[in-house]
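Take a look at the structure below.
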């Protein structure tokens with residue numbers, strides 16, 4: 001599980017996340033300084049993306065973070081009329097990776113959701129847009145991915161993570177005031193990450209172990225692409 005928050009403001013769009021890498025096999029924290037938000041920047045696209053779920057196989061058969069990075073480089077010079085068309089090659093990358101893992105004898109997680117990939121940003125100087133791709137299985141049989149894609153306007157927001165933690169931050173309505181700024185949105189992201197930690201402390205809910213480390217938060221505008229808000233750059237990049 002990853003805590004993700006993605007939204008649209010008057011200034012641009014944003015995406016934030018926690019920084020924990022969790023080892024399901026040994027039920028332990030591998031790192032609290034992992035980059036989870038990545039950039040796509042070329043002539044016609046200014047995007048950010050994130051992956052959650054079973055993004056790497058235990059036996060090294062696939063690594064979706066690396067494979068999607070390679071795919072973004074491969075697509076940099078290609079022309080796509082829409083974000084939906086651009087997302088399609090990434091769908092094939094993820095599907096191939098999951099299929100390779102299954103063929104090698106790995107099982108999908110008990111939860112029906114295997115992987116989610118989030119995109120947000122700008123294509124060809126058009127308005128802000130987003131895409132969410134969800135891969136699921138039915139009794140260990142990989143299903144066709146669900147794809148949600150379209151334009152967004154100020155006030156729009158989606159997120160992932162523990163439902164109780166989200167309710168601790170947002171209550172029953174996960175919305176953003178239209179006049180929210182990037183700094184305020186970053187603080188909301190930080191509160192969402194901390195809510196997972198608080199829920200773990202107060203209830204012992206083991207699911208919240210999967211979220212931790214510091215909040216990372218990136219702004220995306222068409223002129224500038226992805227920029228880390230000061231204080232929210234992933235530690236692994238700050239230390240590099």
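Here, each number is a calculation from the coordinates, and none is a lab measurement. Keep in mind that what you see is a predicted model, and the values were worked out from it rather than measured. Methodologically, a virtual Cβ is constructed for each residue, glycine included, from the backbone with ideal geometry; neighbour enumeration extends over all protein chains shown.
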### Query
For residue 132, which of the numbered conditions (1) under 25 Å from residue 24 (Cβ atoms); (2) in contact with a helix residue (DSSP H, G or I) (Cβ under 9 Å, 6 or more places away or on another chain) fails to hold?
(2)
### Task
Check 134, 175 and return the single one that is free of Cβ contacts under 8 Å to residues at least 40 places away in the same chain and within 14 Å of the chain's Cα centre (by Cα).
134
